[in-house]
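Notes follow the structure.
The values are calculated or read from the model by the stated rules, or taken from the named source; none is laboratory data. What you are looking at is a predicted structure, and each value in this text was computed from that prediction instead of being measured. Neighbour counts run over all protein chains shown; Cβ positions are idealised from the backbone, glycine included. Only protein heavy atoms, including side chains, enter the accessible area calculation; ligands, DNA and RNA are left aside. Shrake-Rupley method; radii C 1.70, N 1.55, O 1.52, S 1.80 Å.
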Amino acid sequence: MNIKSDVLIVGSGAAGLTLALNLADHRKVTLISKETLVDSSTWYAQGGIAAVLAKEDTVESHIQDTLKVGDGICDEQAVRFTIENSKAAIEWLIDMGVEFTRTADGTDYHLTQEGGHSQRRVIHSDDTTGREISDSLAQRVRQHQNITVYEKHLAVDLIKDGERCLGAYILERATGLIKTFSASHTVLATGGASKVYFYTSNPDGASGDGYALAARAGCRLANMEFNQFHPTCLYHPQAKSFLLSEALRGEGAILRLPDGEAFMERFDVRGDLASRDIVARSIDFEMKRSGLNHVMLDMTHADKSVIQQKFPSIFETCLSFGYDMSKVPVPVVPAAHYTCGGVMVDLSGKTDIDRLYAIGEVSYTGLHGANRMASNSLLECIVFGKAAAEVILNDDPIDQPELPLWDSSMVVESDEKIIVNHNWNLVRRLMWDYVGIVRSNKRLAKAAAELAAIQAEVEDYYWNFSVTSDLIELRNLTQVAEHIIKSAQLRKESRGLHFSIDHPKKMNLTEPTVIKP
Ligand code: FAD
Ligand code: SIN
């Protein structure tokens, strides 16, 4: 059976929810999410959204900061487009019922500061901005009669007719059934791929499915070598790389070595508010130099009541692991956080394939260049979610043909599920060890060779046994890992988030690294 709608959106983070709400008064929308509607990186976002809101701030200043952090290879048109639309994006969120934190006197919104920003321009909802956005938008999506939501459904592959996308095969996780969804427009809003690394701030769903689906369908991927590591995740065996927002450093937190030395000014004049690539690399350098398991983030200058008021969720989480931030510095390490590269799109999210769009973290718009500036990501999700909706609404729906059903007649039930778990861990470990914060020709070559062997086994398994969500995610993860390694090997320089000891200099390059299918 074909399940038909006008627009099929895969993914329910900030990008997918924004798009759905901007279409639904005029189109029948199907929204797919592999977990629940609010299970996304979006929900975990802490710091906030960057936008030009303060009187003393300007669009030009936000643009220049973004270009600088992007280290010379942002697409300036995309940067301008996003930032010129930042105020409207925030106004739309407020219209949707998102409540942002106000100043103490209640007359305005409170703005915080993060690495790379020369101004206070990050609007937030305490330290749980993503939760507020996700919950507010998801509630509206559930209430809209034109949006049909399929939770715990996972996109397996896109369906194409020549160079046109006609929908996707979707796995119902509870039954293992693969259903056929057809649509006039299909949109990937599947988030990032940071789960490809062993340590990550991202939730389990960030297995890079959208990159793999798009590449298999024939889309180009750009800049996949630029993987952002957040400098400060809580170091504790049970904390699952819980993020300690950069906004803490915006409010005066200091990175220290165990002997108390504040080391960041040795690496950058901006000290603790240097851009994220520099801070993460400096921590990595210090940890390797001194054989440390972590460094410390010191917020003890601030009163307990101030920390509790500004960072209630972070304070409580640290306390639950035995750290009262007002009394003791907290151990932190970097962890994979954001995928700057992605599916190549234009300013409305259009990919290389007709009627296929990509928005949010899965896309490459050119906004982030070689490094994403803090809090520019949620902004990109909202701006491009709205922009894609506008273009889709101007495009007439097509007559949808009946599509072939998924054929599982050639496969049998798996007898060795351990292969999936084992390879999951191998891929993530290998990416962490060889394709992490600091890279070399030798490490990349070793990663490519080891990955090829894993990939052969995973592909064999995929074609011969019934698919499960774990197997689909593993296959996607290995394919994304391959794209990351290839892109890293192609870039013969160090820039932004890509640092190679064999090519330590920045070359005179301006183009993104493009992987063609
Ligand atoms: P996501 O929010 O990741 O949503 C992806 C969706 O796709 C999910 O619903 C998932 O279930 C679904 N999905 C994926 N694959 C499939 C599939 N095959 N089938 C069906 N569904 C699928 N950015 C900021 O700007 N400010 C911040 O303060 C900030 N803090 C952050 C803190 C943390 C801990 C993390 C992890 C990220 C943070 N970021 C922040 C980054 C930002 O949250 C993300 O880049 C952004 O939320 C991505 O939104 P998205 O809609 O593209 O994807
Ligand atoms: C943070 O709060 O430090 C995360 C901000 C971001 O990733 O943009």
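If I filter the stretch 234-256 down to residues being more than 15 Å from ligand 2 (Cβ to nearest atom) and not in a loop (DSSP other than H, G, I, E, B), which single residue comes out as farthest from the chain's Cα centre (by Cα)? Checked the stretch 234-256; the qualifying residue farthest from the chain's Cα centre (by Cα) is Arg256.
The set of residues in the stretch 246-272 being closer than 21 Å to Asp71 by Cβ, buried (at least 21 other Cβ atoms within 10 Å of the Cβ) and touching a helix residue (DSSP H, G or I) at 6+ places or on another chain (Cβ under 6 Å) consists of Arg249, Met264, Asp272.
Considering Thr18, Thr42, Thr82, the condition of being open to solvent by 10 Å² or more (accessible area, probe 1.4 Å) and within 13 Å of ligand 1 (Cβ to nearest atom) is satisfied by Thr42 alone.
Do we find a residue being surrounded by fewer than 20 Cβ atoms within 10 Å (Cβ to Cβ), in a loop (DSSP other than H, G, I, E, B), within 16 Å of ligand 1 (Cβ to nearest atom) and not polar (S, T, N, Q) anywhere in the stretch 59-79? No, there is no match, as no residue in the stretch 59-79 is surrounded by fewer than 20 Cβ atoms within 10 Å (Cβ to Cβ), in a loop (DSSP other than H, G, I, E, B), within 16 Å of ligand 1 (Cβ to nearest atom) and not polar (S, T, N, Q).
Scanning the stretch 200-233 for residues that are out of contact with any Pro (no Cβ under 8 Å at 6 or more places or on another chain), within 16 Å of ligand 2 (Cβ to nearest atom) and over 14 Å from Gly342 (Cβ atoms) yields Thr200, Ser201, Asn202, Pro203. A single member of Leu221, Leu243, Leu177 is in contact with a His (Cβ under 7 Å, 6 or more places away or on another chain), among the aliphatic types (A, V, I, L, M) and open to solvent by 10 Å² or more (accessible area, probe 1.4 Å), and it is Leu243.
A single member of Ser320, Ser363 is polar (S, T, N, Q), away from ligand 2 (no atom under 15 Å from the Cβ) and open to solvent by less than 10 Å² (accessible area, probe 1.4 Å), and it is Ser363. Residue under question is Ala335, and the condition is that it be open to solvent by less than 20 Å² (accessible area, probe 1.4 Å), part of a strand (DSSP E or B) and under 30 Å from Leu297 (Cβ atoms); does it hold? Answer is yes for this residue. Only one of the listed residues (Ser86, Ser125, Ser136) is out of contact with any His (no Cβ under 9 Å at 6 or more places or on another chain) and within 16 Å of ligand 2 (Cβ to nearest atom). That residue is Ser125. For the residues Ser375, Ser466, Ser409, Ser414, the requirement of being more than 20 Å from Gly205 (Cα to Cα), touching a residue at least 60 places away in the same chain (Cβ under 8 Å) and more than 16 Å from ligand 2 (Cβ to nearest atom) singles out Ser466.
Restricting attention to the stretch 366-388, the residues that are open to solvent by less than 10 Å² (accessible area, probe 1.4 Å) and charged (D, E, K, R) total 1. Quick one: is Gly97 touching a residue at least 24 places away in the same chain (Cβ under 8 Å), closer than 30 Å to Leu67 by Cα and not in a helix (DSSP H, G or I)? In short, no.
Among what's in the stretch 399-449 and is surrounded by 15 or more Cβ atoms within 10 Å (Cβ to Cβ) and over 30 Å from Ser500 (Cβ atoms), pick the residue that is modelled with the lowest pLDDT. Among residues in the stretch 399-449 that are surrounded by 15 or more Cβ atoms within 10 Å (Cβ to Cβ) and over 30 Å from Ser500 (Cβ atoms), the one modelled with the lowest pLDDT is Ser414.
Candidates are the residues of the stretch 384-429 that are among the hydrophobic types (A, V, I, L, M, F, W, C) and not in a helix (DSSP H, G or I); the one that is farthest from Phe181 (Cα to Cα) is Val412.
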